[in-house]
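The next block holds one structure in the form of structure tokens; read it before the comments.
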Amino acid sequence: MAIIYNKEKRIFSLHTEHTTYQMMADTHDYLLHLYYGKRLDSEMDYILTYYDRGFSGNPYDLGNDRTYSLDALPQEFPVLGTGDYRTTAGKIREANGCMALDLRYTGYQIQDGKYDLPGLPAAHSEAAQTLCIYLKDERVGVEVTLLYGVLPDCDVITRSVKVTNVGKNEIYLEKLSSACLDLLYGDYDVLTFYGRHAMERNMQRTQVTHGRQVIGSNRGTSGHQYNPYMILAEHGTTETAGACYGVSLVYSGSFEGSVELDQFDQIRLVMGLQEDFFSYQLKPEQTFYAPEAVLSYSAYGMEQLSNQMHHLVREHICRGKYKDQIRPVLVNSWEACYFDFNGEAIVNLAEQAAALGVELLVMDDGWFGTRDDDNSSLGDWIVNEDKLGCSLTELTKRVHDKGVQFGIWIEPEMVSENSDLYRKHPEWAIQVPGKHPVHGRNQLVLDFANPEVVDHIYEQIAAVLRQGDINYVKWDMNRSLCDIYSDSMVWQGNVMYDYILGVYDLLERLTQAFPDMLWEGCSGGGGRFDMGMLYYTPQIWCSDNTDAVDRIRIQYGTSFAYPLSTMGAHVSAVPNHQTGRVTDMKTRGVVAMTGAFGYELDLGKLSEEDKTAVREQIKTYHEAAPVILKGDYYRLSNPFEAEYGAWMSVDEEKKHAVVGAVLLNTHGNHPVFYIRLRGLAPERSYRDKKTGTVYSGAALMELGMPFTIVSGNYPSYQILLDAVE
Ligand code: GLA
């Protein structure tokens, strides 16, 4: 049994294969957190201590007892109004402005299977169990259900919160977090993944100090600036040793994650919705669901934590036909020709692709309305047949005739002021009456909080996708939300959240209507790289930055939470369009093969030598893809600190491994560098596929492998190892 309830003590134990999460509804009906960590089969209420502490309030019903304070006790769902002055997980405002809640435990339910969240992405698993904990504030008339999902196979606990107004008056949710994790003591670091457009998910590790460390987004997307993922690691934790917790939000909109070290040196991590632009009105009998948070714990360092998260994403977040499939090698037209193409150019690119073994051609931005630059036509999803010189049906046929699949780019959430849609329906854009809207890429955001708008866009996009044999869609989103206002709503505090529900609604309808399609998410590259999107699109364009050296760092940061199968990674032209840097074809290939692999350049302009290299790369990728996309992942260096970037993937049976490395700094008479491999079977021998050299698995992991220096900038190494039978 994954969930065990001790009736006498009212203790709930949630067990995965290697972890235990424990809480207790105490005699005062408060829900206290007891433990999260390595699997333990005992009950741990003894850990709670009670003292009279100055300026920490005591619940009224405890009479003269001054030793009980929620300001010091570990909790599952702390709210304002209980005498706990730390970071709250929830804030509710009554119509008169009062914000004091007193949530007490009223009961529980254990169910087989995993709960769903209406309209929201959530982990799915047949083997899971669900625990519902019911809390209520009688005075306000609000019921809160804490939902816990237990996924034993990947050591993940999921959490969400359902709030129902059972009172007579409307209430306003001013804050709602999905998860709170209280730790009574410890010396911890917090790892966050910050960045900017074209340089996402840099890893930052800082010590948890008194006060609050906060990350988040108020942009309406999860954003380039902070990924909705945090790791709390015991000080000294490395890739292979030490305790660490990972918490991720399965949500694509504004979010906030925070870590607080309180006055008693206790730690509280809270993850959930962001408060800016959020004041959700709940009328009597209405219900609200918080997005899901997923939590995982590893006693053996960060690499295990990442592999647990990767397993979760691959098996229990991603869905659809391509969830377990090797993705086709693609070529994308964006960096090949930007807006400057016609049907002939697309067919030529397809012909080049076919000759080199590329399997899918993606026609990126510029095929609709009158769009020849990024100032017009968003919202007008009508094929520009004048520009293409033919219909979409004909174009897809011509591409398929070359032996290549066809993909297309869309940006459904947007509208250009210079578009027929905006001219007809200016009220469908998110903007505040009487205020000029803030522009982003000279475009506005459509009001997806209004179902009528979502319906209209669905019809348009679905009509396009029915016009030919289309196999892939890249779903882009190229600005942050700002002037939050929906013409379709009276109360504006719901818009930010309802917008995301509209996005998910459209994603769900389109992915259901076109089940054979491969969907790739994108938001100016990796501006919406989160588990919410991955529920609908099994891969996301990792970054608009295709520079191989920067990509090593971007993919390194991304790998802490997300498997390689989710990271779109392409070989592009040199000098690189984002950085001007020159790296050779091999290095670009080795780096891009750490993901869903493809090309993003004019294949026709390649030298014969590079064309031969491309053919080789595609051959290698086909051999290595099952290991890369489905295997366990090992970060062999931290490229923010080390002189080289290095990583490897090993398949489940430990029979095949793929190692990649790039030297980031070249010096005269450079020392050889040595890397200890990981994840192999020590008792096995492995043959280097290229050189035929046989190594002992144990030696490769204990002594390591020498990487001899080749002159030139950013030399790279790729080794495919097969176990010797
Ligand atoms: C965004 C994407 C790019 C490309 C352009 C097209 O920037 O991230 O890959 O699709 O839009 O306008």
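Brief remarks on what is shown
- Net charge over other residues, Cβ less than 14 angstrom from the Cβ of V432 (K, R count +1; D, E count -1): -3
- A Förster distance of 51 Å, applied to the separation of the beta-carbon atoms of R104 and E702, puts the FRET efficiency at 0.35.
- Taking a point 7 Å out from the Cα of R205 in the direction of its Cβ, the residues of the stretch 635-674 whose backbone N falls within less than 17 Å of it are 635-647.
- Building the convex hull from the alpha-carbon atoms of the chain and averaging its projection over directions returns 32.4 nm².
- The R39 and K9 beta-carbon pair, evaluated with R₀ = 22 Å, returns a calculated FRET efficiency of approximately 0.70.
- Neighbour net charge for S254 - beta-carbon separation under 13 angstrom, K R +1, D E -1: -2
- In terms of the mean number of neighbouring beta-carbon atoms within 10 Å, the peptides 60-71, 468-479 order highest first as 468-479, 60-71.
- The residue list P74, V404, L232 was ranked by how far each Cα lies along the charge dipole of the chain toward its positive end, using unit charges on Cβ atoms, and L232 comes out on top.
- Rounded to the nearest 20, the size of the Cβ-charge dipole of the stretch 467-520 about its Cα centre is 80 debye, with Lys and Arg at +1 and Asp and Glu at -1.
- Other residues whose C-beta falls under 11 angstrom from the C-beta of E315 contribute a net charge of +1, scoring Lys and Arg +1 and Asp and Glu -1.
- Model label points for R687 and N713, set 7 angstrom from Cα along the Cα-to-Cβ axis, are 3.9 nm apart.
- By average C-beta atoms within 10 angstrom, highest first, the peptides 701-710, 629-638: 629-638, 701-710
- Placing pseudo-labels 7 Å out from each Cα toward the beta carbon at L62 and N375 gives an inter-label distance of 6.6 nm.
- Remark: the Cα gyration tensor places the stretch 271-353 in the oblate category, a/c being 1.5 or greater and a/b not exceeding b/c.
- Per residue, the chain reaches -5500 deg cm²/dmol at 222 nm when only DSSP H runs of four or more residues are counted, each adding -39500 (n - 2.57).
- DSSP bridge orientation in the stretch 241-303 - percent antiparallel, rounded to nearest 5: 95 percent
- Normalised contact order of the chain, rounded percent, pairs of Cα under 8 Å and 6 or more residues apart: 10 percent
- Rolling a 1.4 Å probe over the protein heavy atoms gives the chain an accessible area of 37 Å² per residue.
- Separation of the E385 and M1 label points, Cα + 7 Å toward Cβ, nm: 6.6 nm
- Pairs from K387/K630; K9/K162; K7/K136; K162/K654 whose Cα-Cα separation, in the structure shown, is over 31 Å: K387/K630; K162/K654
- Heavy-atom accessible surface of the chain: percent carbon and sulfur, 1.4 Å: 48 percent
- Relative to the current alpha-carbon distance between T393 and A355, full extension at 0.36 nm per residue lengthens the span by 11.4 nm.
- Counting DSSP beta bridges with both ends in the chain, the antiparallel % (nearest 5): 80 percent
- Sites Q263 and I47 - FRET efficiency at Förster radius 22 Å, r taken between beta-carbons, to 0.05: 0.70
- For the stretch 1-28 and the stretch 161-205, distance of Cα centres in Å: 23 Å
- In a fully extended conformation the segment linking E17 and R423 would gain 140.4 nm over its present Cα-Cα distance, using 0.36 nm per residue.
The values are calculated or read from the model by the stated rules, or taken from the named source; none is laboratory data. Everything numeric here is computed off the predicted structure, so don't read it as measured data. Positions of Cβ are generated from backbone atoms using ideal geometry, with glycine treated the same way; all protein chains shown enter the neighbour counts. For the accessible areas, the whole protein counts, side chains as well, though only heavy atoms, and no ligand, DNA or RNA atoms are used. Shrake-Rupley method; radii C 1.70, N 1.55, O 1.52, S 1.80 Å.
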